[in-house]
Amino acid sequence: AQSVSQHNHHVILSEAASLELGCNYSYGGTVNLFWYVQYPGQHLQLLLKYFSGDPLVKGIKGFEAEFIKSKFSFNLRKPSVQWSDTAEYFCAVNGGATNKLIFGTGTLLAVQP
Amino acid sequence: GAVVSQHPSWVICKSGTSVKIECRSLDFQATTMFWYRQFPKQSLMLMATSNEGSKATYEQGVEKDKFLINHASLTLSTLTVTSAHPEDSSFYICSARDPASFSEQFFGPGTRLTVL
C-alpha cells in the first residue's frame, strides 16, 4: 500500500530563512508527486507537481521540490520564506492506475516577521 | 484554474439527523470526484471515489450505508451523512479531477460538520 510521511509536523522560521520540508513515500512503481498548501481559512491549493522528466520541479510563489527516486523523497524547498508563507503544507502521491491521492500528515509552517 | 465549490460551508445538526453536502465543479466537467475527511491537526483521509453515473468506490473502513455518495451529473456530487452522531463531526473536503489537467485534483473549500 502507498504511504506518505512528512517528518516535520511544526516548523517555525524567521522571515528570509531558508525552508526545506521533508517528504518520503513508499510505493514501488511509477508515481506522481504533489505538494499542496492550505493557507489559514482557505482550501487546498496546488504548489507544484512531478509527473516525469526533470526531477527538480519549480512551482508557484518561489517554491521548488526535488524528486530523488533512490531515496523515495520529494522534499519542498524555498530559499527565503516570507510571513505570507505561513500555512500548512501537504505532500501527496498517487501511483499506478489509480487517481487516488494519498496525503502525508502535513507540516504547519509559521513564519515570524 | 478550475474551481470547485462546496455547500454548505458549515452545518450544525442534531444527533440522528441526516446532512447532505454538495460538491460542484464550476467550470469543467468532472467524471471523477473524491471525498475526504480531515480531522483536526491531521491529514486528509480519502473516504471514497465518486464516478459519474456509477456507484462510488469506498475506502476500507468507510461505511457506505452511512456516507451515501451520489454523482448524478458531471458537475455535481453529493455526500449524505445519514443518522449523524457526534463522532461524525469533522471537516469534509471534496475534490474533482479535471480531465484536461492530467491527474490533477482541484479541491473545494470544505464543509465543517458539527453534530450535537
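Values quoted throughout were computed directly from the atomic coordinates according to the rules given, and no laboratory measurement underlies them. Computed from a predicted model, the values in this text were never measured in an experiment. Methodologically, a virtual Cβ is constructed for each residue, glycine included, from the backbone with ideal geometry; neighbour enumeration extends over all protein chains shown.
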Completion exercise
Fraction of alpha-carbon pairs in the stretch A:1-98 farther than 15 Å apart, rounded to whole percent, equals 60
Fill in the blank from the handout: Of all DSSP beta bridges having both residues in the protein assembly as shown, the percent classed as antiparallel (nearest 5) is 90
Practice task
Post the alpha-carbon centroid distance, the stretch A:32-68 to the stretch B:1-78, in whole angstrom.
Solution key: 24
Fill in the blank from the handout: Cα-based Rg then Dmax for the stretch B:72-116, in Å, read 13.5, 41
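Quick one: length gained pulling B:E63 to B:C13 fully straight, 0.36 nm per residue minus the C-alpha distance?
Contour length minus Cα-Cα distance gives 16.0 nm.
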Completion exercise
Under the Karplus relation with 6.51, -1.76 and 1.60 and θ = phi - 60°, whole-Hz ³J(HN,Hα) for the stretch B:25-36, x at Gly and Pro, equal 8, 8, 10, 7, 9, 10, 6, 10, 10, 10, 10, 10
Fill in the blank from the handout: Taking B:92-101, A:15-24 and ranking on average Cβ neighbours within 10 Å, highest first, one gets B:92-101, A:15-24
Problem - Cross-link partners of B:K64 among lysines (Cα-Cα below 22 Å; sequence separation of 8 or more within a chain) - result: A:K100, B:K14, B:K20, B:K55
Exercise for the section: Ignore the peptide's own chain and count Cβ atoms of other chains within 10 Å of each Cβ in A:99-106; give me the average, rounded. Expected result: 6
Problem - Taking all pairs of distinct alpha-carbon atoms in the protein assembly as shown, Kirkwood radius in angstrom - result: 18.2
Problem - Backbone HN-Hα couplings from phi across the stretch B:42-56 [Karplus 6.51/-1.76/1.60, Hz, Gly and Pro as x] - result: 10, 7, 7, 10, 5, 9, 6, 10, 10, 10, 4, x, 9, 6, 6
Handout entry: Most to least packed among A:6-12, B:47-53 [average Cβ atoms within 10 Å]
Key = B:47-53, A:6-12
Handout entry: Which of A:Y89, A:P40, A:N75, positive extreme of dipole for the stretch A:20-97 (C-beta unit charges)
Key = A:N75
Practice task
May I ask you to evaluate 6.51 cos²θ - 1.76 cosθ + 1.60, the Karplus curve with θ = phi - 60°, for each residue of the stretch A:51-68 and list the ³J(HN,Hα) values in order in whole Hz, giving x for glycine and proline?
Solution key: 10, 6, x, 3, x, 9, 10, 9, x, 7, 6, x, 7, 9, 9, 10, 8, 10
Practice task
Taking just the C-alpha trace of the stretch B:30-116, give me its Rg and Dmax in Å.
Solution key: 12.8, 41
Problem - Partner lysines for A:K78 [C-alpha distance under 18 Å; skip if fewer than 8 residues away on the same chain] - result: A:K49, A:K58, A:K61
